[in-house]
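Read the structure below first, then the notes.
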Amino acid sequence: MAIYDEKTDDEKARWYSNGARFYVEGRPRYPTALIAASAAAAEWRRDSRVLEIGSGPGTATQDFAALGGRFTCVEPNADFVTIARDVLAPFPDITFQTSTLEQADLCAPFDIILAASSFHWIDQKRGVQRIEELLAPNGFVVLLWNKEPLPGAHQADAMDEAFQRSGYPQPIERQSRDEIAQVFWGLSEPLQKAAFTERLFCHVEIADDYSVERFVALHRSLSPFLALPPKKQPDVAEALIENISALVGPTIRTTRISAAHIFQRSERR
């Protein structure tokens, strides 16, 4: 996160442009059970008024939209908005604003405010104030998180060597499930300090097989890779594909932790 903590809103809006298509190819969806638990905790209805912050290419939006609701998706990256319009075309009750939360022109109130792997992108003071302004009394904030998939222990050393040979050391820290859960829990601290009551915090471990190409696409969508000089990125990606194929094999068996954190706006003002 330190990579973009000091960036301006305009710089943040363009941050994923080079990785937008790789985000779609490589990033995992959220587990079905986590979507269902979040929707139940947030009392999701077919007529819920939903604001999604940082909707990206619609990764989480499509799963929640299948449950119903009238969505306003706020996403500062124009490339993501273009992709999301196509992905979400089957759902008629979705509108988009190419904007940050802080700058968006929004009509309150919303029953649910959703942020899927995006809450850490908002200004932690102005953003939370805006959430308080926009959320209906007793409304809910739904935070979702996906930890980057990592190869299992039997492939970890070979994967680290493949990254080293490619001139791009493995950027993802290996942590236990409890450590990852604690990080996710801590990311919601601004809401914990505001007028919100925690309703649910849960996390699950997911196993998933990746092809080499998809695994490299995943990394091409991550901030450490996007921080590389743009002209260098294709060469590093090509080297990764070659070295992972040679040292690890055609299939990467990964695990990840996914989490949901649900808050309800307190009645006190």
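The values are calculated or read from the model by the stated rules, or taken from the named source; none is laboratory data. In this text, all values refer to a predicted model and were calculated from it rather than measured experimentally. Because the Cβ atoms are built from the backbone with ideal geometry, glycine has one as well, and the counts that use them run over all protein chains shown.
Brief remarks follow.
- Residues in region 56-115 that are within 15 Å of residue 24 (Cβ to Cβ), touching a strand residue (DSSP E or B) at 6+ places or on another chain (Cβ under 7 Å) and among the polar types (S, T, N, Q): 59, 61.
- Exclusive hit being surrounded by 20 or more Cβ atoms within 10 Å (Cβ to Cβ) and closer than 20 Å to residue 141 by Cβ, set 115, 108, 104: 115
- Residue match in region 94-104 (condition: more than 17 Å from residue 14 (Cα to Cα) and assigned to a loop (DSSP other than H, G, I, E, B)): no
- Scan of region 213-235 for residues that are under 19 Å from residue 151 (Cα atoms), touching a helix residue (DSSP H, G or I) at 6+ places or on another chain (Cβ under 8 Å) and in a helix (DSSP H, G or I), ordered by number: 213, 214, 215, 216, 217, 218, 219, 220, 225
- Scanning region 70-107 for residues that are over 19 Å from residue 131 (Cβ atoms), in contact (Cβ under 8 Å) with a residue 60 or more places away in the chain and among the charged types (D, E, K, R) turns up just one, 79.
Here's the yes/no breakdown for (1) over 22 Å from residue 204 (Cα atoms); (2) in contact with a helix residue (DSSP H, G or I) (Cβ under 6 Å, 6 or more places away or on another chain); (3) touching a residue at least 24 places away in the same chain (Cβ under 8 Å); (4) part of a loop (DSSP other than H, G, I, E, B):
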| site | (1), (2), (3), (4) |
| --- | --- |
| 11 | yes, no, no, no |
| 23 | no, no, yes, no |
| 35 | no, yes, yes, no |
| 46 | yes, no, no, yes |
| 59 | no, no, yes, yes |
| 68 | yes, no, yes, yes |
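- Test: residue in region 28-51 that is crowded, with 22+ Cβ neighbours inside 10 Å, among the hydroxyl-bearing types (Ser, Thr, Tyr) and modelled with pLDDT under 95: no
- Exactly one residue among 87, 81, 50 is over 14 Å from the mean Cα position of the chain (by Cα) and closer than 22 Å to residue 124 by Cα, and that residue is 50.
- Test: residue 95 is surrounded by fewer than 17 Cβ atoms within 10 Å (Cβ to Cβ) and of a type outside the set (A, V, I, L, M, F, W, C): yes
- Index of the failed condition, residue 253 passing every other in (1) closer than 24 Å to residue 178 by Cβ; (2) of a type in the set (Lys, Arg); (3) crowded, with 19+ Cβ neighbours inside 10 Å: (3)
- Test: residue in region 53-61 that is surrounded by 22 or more Cβ atoms within 10 Å (Cβ to Cβ) and among the aliphatic types (A, V, I, L, M): yes
- Extreme residue, surrounded by the most Cβ atoms within 10 Å (Cβ to Cβ), among residues of region 156-201 that are in contact with a helix residue (DSSP H, G or I) (Cβ under 6 Å, 6 or more places away or on another chain) and among the polar types (S, T, N, Q): 166
- Considering residues of region 163-202 that are of a type in the set (A, V, I, L, M, F, W, C) and part of a loop (DSSP other than H, G, I, E, B) only, the residue modelled with the lowest pLDDT: 195
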